[in-house]
Amino acid sequence: MTPSFSAIAIIPARLASTRLPRKVLREIAGQPMIGRVYEAAKHSPLLRDVIIATDSEEVMQFAQARGWKAQMTSADHRSGTDRVYEVAQRVAADVYVNIQGDEPLARPEHLDALLRPMSDPKVMVSTIKTPCPRQDVDNPNAVKVVTDLNGRALYFSRSTIPFDRDKTGNVAYFKHLGFYAYRHAALERFCGLPESKLEAAERLEQLRFLDNGIDIYVAETPFNTVGVDTEDDLRRVEEMIRARE
């Protein structure tokens, strides 16, 4: 189904990562990580274009040699969202999709779910969730999300939310996946706001939206992902990809 809006994906790709140096160019099952993310986005029929946003000449040249669209962005950005906004100021679209360059398990189905709420012109920001694996419920590196009955995010946390006080075992937990879609006005406002107190406490930038009264709508997908931040993550993802392929 063709969306009623124009959407482009922007993939922030910073080379100087601290925990896993040069991770966007690391190979996973024979393909560079950034290539897996780019190709997944390119396979989505809902996107008009896909652009890598980097502060690295090496990543830029790597992309150009493979015919991938890429743009240079400032090395001073605080976050990938700021990098997305810089490209959004140069490329017009109704909706901008932020796909992190360290999400090699990204697939077109994630983007199908992500863009579903944006069919409502009143929705300014959307993201996605998936049923939280049991082993991740108490894992602070797996961010949990709770929503209202209409899919509007109530809170994101590294803590176990909701808290099953009576230990009923009937609580459904959802893991947040770091894919975002924004309208230009929401992206512009976010990047003009200071870091919020909740954002600083949890180290979760999406809380800046909630702290400032900007609603985030959350769609569900059955497809989990693992963001790559460490060597262990990379090996885990490689095993998952080889099993899938």
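Let me have the relative contact order for the stretch 7-244, percent, based on Cα pairs under 8 Å that are six or more residues apart. If you can, show how the numbers build up before the last one.
On the way: 453 pairs, mean separation 54.8, N = 238.
So the answer I get is 23 percent.
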- Amide H within-cut-off set for SER17, under 5 Å, with H built and near neighbours excluded: ARG22, LYS23
- Item | Value of [θ]222 nm, deg cm²/dmol, for the chain, DSSP H segments ≥ 4, -39500 (n - 2.57) each, nearest 500 | -8000 deg cm²/dmol
- Task: Under 13 Å from the Cβ of PRO12, count the other residues' Cβ atoms, weight Lys and Arg +1, Asp and Glu -1, and hand me the total.
- Result: -2
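Sort 72-82, 125-135, 161-171, 92-102 for me by packing, meaning the mean count of neighbouring Cβ atoms within 10 Å per residue, highest on top. Intermediate values should be presented prior to the final figure.
Working: 72-82: 15.7, 125-135: 18.7, 161-171: 9.7, 92-102: 22.4.
The peptides rank, most packed first, as 92-102, 125-135, 72-82, 161-171.
Which translational diffusion coefficient, to the nearest whole µm²/s, is obtained for the chain from the Stokes-Einstein equation, given a Kirkwood hydrodynamic radius over C-alpha pairs, 25 °C and 0.890 mPa s? Please list the in-between numbers first.
On the way: Rh = 18.4 Å.
Estimated diffusion coefficient is 134 µm²/s.
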- Item | Beta bridges by DSSP in the chain, antiparallel share as percent, to the nearest 5 | 55
- Got a sec to turn the phi values of the stretch 40-51 into Karplus ³J(HN,Hα) couplings, 6.51 cos²θ - 1.76 cosθ + 1.60 with θ = phi - 60°, whole Hz, x for Gly and Pro? 4, 5, 5, 7, 7, x, 8, 9, 6, 7, 9, 10
- Note on the structure: For PHE179, the residues 5 or more places away or on another chain with a placed amide H closer than 5 Å to its own amide H are ILE128
- Task: Please order GLU238, GLU245, GLU199, GLU27 by the number of other Cβ within 10 Å, starting at the fewest.
- Result: GLU245, GLU27, GLU238, GLU199
- Using unit Cβ charges (K, R positive; D, E negative) and no other charged atoms, how large, in debye to the nearest 20, is the dipole of the stretch 7-244 about its Cα centre? 260
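Read the figures in this text as sums done on the coordinates, not as results from a lab. All values reported here derive from a predicted model rather than from experimental measurement. Quick reminder, even Gly has a Cβ in these numbers, built from the backbone with ideal geometry, and neighbours come from all protein chains shown.
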